[in-house]
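Step one of this worksheet: look at the structure below.
The values are calculated or read from the model by the stated rules, or taken from the named source; none is laboratory data. Quick caveat: nothing in here was measured; it's all calculated off a predicted structure. Protein only, heavy atoms only, side chains kept; ligands, DNA and RNA dropped before computing areas. Shrake-Rupley method; radii C 1.70, N 1.55, O 1.52, S 1.80 Å.
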Amino acid sequence: MHPSPLTALCPALAETRTPVPYPHPGAHSDPQQYPQPYLRSKGRSAHGLALSFTLPGDVRSAFIGRTAIAAALKAHGLSSSIWPTMLAVAELITVTVRMSPGKELYVSLGHRDDALRLLVWDQHPRHLRAPADAALCETRRRRALWLLTAVVDDWGGEWGACDATSPQRGTKSLVRLPR
């Protein structure tokens, strides 16, 4: 098997071939031609920001996540936080898709206690029978998120990942960015 940029990060999934996403028509076209989401604030402040959505486990989901997050932040008067939050969601989605190829992921963004809180939850299973795989999997996830770590640290925030609580399964990655 030849390694590709779409190879799964998880050692348990590395043995199986990760599906290559279907070709996207106009993949090299002008991004301005894509429809832009329109969110109207209706006089809401940042305190009313609550956005959540589910995305397919595809590398192009990062674009959808960035676009939706940017529109929500702009609609709620948080334009100064667009850049780090868009980068955080794109990095988390990209790594999540490589950890759980083809499985849906959940994204949530909210504003509370004068901070933006971003959550990306994936369906990557725990490695209960192979502790060595679990450690390697966690190491690979953290290494793949080096850019997220740098940006969150630079903006005075924090991030981490934990197992989802029962009955859910998978991993929740959380980012907190002060406003």
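General observations
- Residue-normalised accessible area of region 107-161, expressed per residue, 1.4 Å probe, Å²: 58
- Within the full protein context, the accessible area of GLU138 is estimated at about 110 Å² for a probe radius of 1.4 Å.
- Computed over region 119-178, relative contact order equals 45 percent, with contacts defined as Cα pairs under 8 Å that lie 6+ residues apart.
- Segment SER108-ALA135, extension gain: residue separation times 0.36 nm, minus the distance between their alpha carbons: 7.1 nm
- Gyration tensor verdict on region 62-149 (Cα atoms; rounded if a/c is under 1.5, prolate if a/b is larger than b/c, oblate otherwise): prolate
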